[in-house]
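Chemist: Below you'll find the structure I mean.
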Amino acid sequence: MTKLTVQKWLWLIGLTLLFFSSYNFANWFTSTRVQVNSVVYAWEQAIPLLPWTIVPYWSIDLMYGLAILLAKSSQSLKILGLRLLSAQIICVVCFLVFPLKFSFERPPLDGFFGLLFDILMGFDKPFNQAPSLHITLLVILWQFYASYYQTVLVRYLLHLWCLCIALSVLTTWQHHFFDVPTGLWVGCFCIWLWPQSGGSILKARPLSKQYRWGVIYFILSLLSFSLAIYVGGWGLWLLWLSASLLLVAVNYVILGAEGFQKQLNGQFNLAVALLYLPYFSIMWLNSRLWTIKHQDVDRITDNVYLGRIPSGHFLNKYQFLAVIDLCAELPIGHFDGSYSLIPVLDMTPLSEQQCQYSAQRIEQYQRQGKLLVCCALGYSRSATAVIAWLLWTKKALTVEDAITQVKTCRTTIVISDRQRLILTNWLAQLTNRESIC
């Protein structure tokens, strides 16, 4: 028996024991409470009870164990195991802190499907509702199997079956609708928490220390959370916005731009996109509204252009051969040319290291042909990168001269006093190094 095989069985046995012990404890503890509320919409009365869907409902147990045994390496096994472990802990804590109850009375069922329901009810109670652990685990397993199988037919069947499992939590009368999106969010959160690259996003790192914007986004998160609870009903969708804003606040204070997990192709994986979707949507709309009366892109000098985050149509229209992207919170459109990501949080300055790296990349790419340097608006982060390039190539001798050159071509740029100071210090270091040489 190989080391990997031993690890697989240890993970499987450990997670199984944790599941039954913690899940049953949460069920029992909630059953002892005097009153347990439900979150249910009136339209849910129209959801039919489909006994046959107990089969896909049960099938997630097989998918759970099989996924652990199919892991191809210790690294992939560790990531999968940590995601499943996190899902269990988060959901059980929610069950204990915010208990909910399923409010429909399921009629007696006969035959094979009835037997499966009887077995399920042997250890399950109408509690442990939101977030749906079933949906949370499904999201994690769905992502695992989608990465594992590359055959088109197999992936098509996988998506179809996973969709059946997702629907089965409603058609078996095990969960109310509220449990589904909350379970989806927790599943995406677990994937974000343990990215495929290995290690946790929360591992030790220098603090971002952007406290001002961190506090602002935290307050906005609290406001949207309070409004969701106050309004109730469909207003509960604001919880999604609240959660995404809370993660943004964490990024500004602790994680930095890496917390958005923008990929090296300028896109986001599906789990991260869903996790931040309300925030991403607001930021995309903001980028369009702020630039609606201005040029999408302006040529600065040579092959260097400055503009807002581009769509695929925009890139094709202007025939750019390369893109340098400083936007951490929005994806670029599909692009087949040279692409370099230097993620920087919105409304924050570039560091001296980022100025140096940006200048070098711009010089490298602009030699290949038409280059777009972009951020959300093309007003600050990307403008700073172009200013750094002008200074590094001596097309400008002072910071103010470089800012003036860029502002002449794109009048809407905004360079903060803090950013000017960073650029000044960086230029002084460049000058000192050159004088020593």
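Chemist: With 10 Å bins from zero, work out the P(r) of region 113-252 over every alpha carbon pair and list the percent per bin.
Modeler: Percent of pairs per bin, in order: 10, 28, 32, 22, 7, 1.
Chemist: Give, as a single signed number, the net charge of other residues whose beta carbon lies under 12 Å from the beta carbon of ALA26, with Lys and Arg counted +1 and Asp and Glu -1.
Modeler: On the way: positive: ARG33, LYS125; negative: ASP124.
So the surrounding residues net to +1.
Chemist: If amide hydrogens are placed 1.01 Å from N in the peptide plane, which non-local residues have theirs closer than 5 Å to the one on VAL323?
Modeler: Residues meeting the amide H criterion: SER338, TYR339, SER340, LEU372.
Chemist: Related question: Heavy atoms only, 1.4 Å probe, whole protein assembly: order HIS134, HIS334, HIS294 by accessible area, highest first. Kindly include the intermediate steps, with their values, before the conclusion.
Modeler: On the way: HIS134 25, HIS334 140, HIS294 85 Å².
Output order, biggest surface exposure first: HIS334, HIS294, HIS134.
Chemist: While we're here: Relative to the compact-globule scaling 2.2 N^0.38 Å, provide the ratio for the alpha-carbon radius of gyration of region 354-395. Numbers along the way, then the final one.
Modeler: On the way: Rg = 9.6 Å, N = 42, 2.2 N^0.38 = 9.1 Å.
It is 1.06.
Chemist: What number, rounded to the nearest 500 deg cm²/dmol, is the helix-based mean residue ellipticity at 222 nm of the chain, given -39500 (n - 2.57) per DSSP H run of at least four residues and division by all its residues?
Modeler: Computed ellipticity for the chain at 222 nm equals -19000 deg cm²/dmol.
Chemist: Considering only protein heavy atoms, what is the solvent-accessible area of ARG33 at a probe of 1.4 Å, reported in Å² to the nearest 10?
Modeler: My reading of the accessible area for ARG33 is about 90 Å².
Chemist: Compute the Rg to Rh ratio over region 1-125 from the alpha carbon atoms, using the Kirkwood formula for Rh, and round to two decimal places.
Modeler: On the way: Rg = 17.6 Å, Rh = 17.1 Å.
Using only Cα positions, Rg/Rh for region 1-125 is 1.03.
Chemist: Given 20 °C and 1.002 mPa s, how large is the Stokes-Einstein diffusion coefficient of region 46-105 in µm²/s, with Rh as the Kirkwood radius over Cα pairs? Provide the component values of the computation, followed by the final result.
Modeler: Details: Rh = 14.4 Å.
It comes out at roughly 149 µm²/s.
Chemist: Let me see the P(r) profile for region 237-333: every Cα-Cα distance counted, bins of 10 Å, each bin given as a percent of all pairs.
Modeler: 13, 43, 31, 12, 1
Chemist: Turning to a different aspect of this structure: Taking 2.2 N^0.38 Å as the expected size of a compact globular protein, what ratio does the Cα radius of gyration of region 121-162 give against it, to two decimals? Could the numbers behind the result be given before it?
Modeler: Details: Rg = 13.8 Å, N = 42, 2.2 N^0.38 = 9.1 Å.
Against the compact-globule rule of thumb, the ratio is 1.51.
Chemist: Could you tell me how many cubic angstrom of Cα convex hull volume region 76-148 has per residue?
Modeler: 116 Å³
Chemist: Sticking with this structure for a sec: Using modelled amide H (1.01 Å from N, peptide plane; none on Pro or chain starts), what sits under 5 Å from the amide H of VAL344, excluding residues fewer than 5 places away?
Modeler: CYS327, ALA328
Chemist: Restricted to Cα positions, what overall size does region 211-274 have along the principal axes? Three whole-Å values, descending.
Modeler: 40, 28, 11
Chemist: Using the Karplus curve 6.51 cos²θ - 1.76 cosθ + 1.60 with θ = phi - 60°, work out ³J(HN,Hα) for each residue of region 67-77 in order, rounded to whole Hz, and write x for Gly and Pro.
Modeler: 4, 5, 6, 8, 3, 8, 8, 4, 5, 5, 5
Chemist: While we're looking at this one, here's another question. Treating each Cα of region 250-402 as an identical point scatterer and ignoring solvent, apply the Debye formula and state log10 I(q)/I(0) at q = 0.15 Å⁻¹.
Modeler: -0.74
Chemist: Based on Cα coordinates alone, diagonalise the gyration tensor for region 293-371, multiply each eigenvalue by 5, take square roots, and list the semi-axes in whole Å, largest first.
Modeler: Details: eigenvalues 71, 50, 30 Å².
After scaling each eigenvalue by five and taking roots: 19, 16, 12 Å.
Chemist: Compute the orientation-averaged projected area for region 27-68 from the convex hull of its Cα atoms and round it to one decimal in nm². Don't jump to the answer; show the numbers that get you there.
Modeler: On the way: hull surface 21.2 nm².
Taking the Cα atoms of region 27-68, their convex hull projects to 5.3 nm² on average.
Chemist: Using a 1.4 angstrom probe on the protein heavy atoms only, line up LYS101, LYS262 by accessible area, largest first. Before the final figure, lay out the partial values.
Modeler: Numbers: LYS101 80, LYS262 25 Å².
The ordering from most to least exposed comes out as LYS101, LYS262.
Chemist: Determine, for each peptide in 69-79, 103-113, 159-169, the mean count of other beta carbons within 10 angstrom over its residues, then list the peptides with the highest first. Before the final figure, lay out each step's value.
Modeler: Values: 69-79: 15.3, 103-113: 11.5, 159-169: 17.5.
So the order, starting with the most tightly packed, is 159-169, 69-79, 103-113.
The values are calculated or read from the model by the stated rules, or taken from the named source; none is laboratory data. What you see is a predicted model; the values in this text were computed from it and never measured. In this analysis, Cβ positions are derived from the backbone assuming ideal geometry, glycine residues included, and neighbour counts consider all displayed protein chains. The protein model used for the area step is the full one, side chains on, heavy atoms only, and it has no ligands, DNA or RNA in it. Shrake-Rupley method; radii C 1.70, N 1.55, O 1.52, S 1.80 Å.
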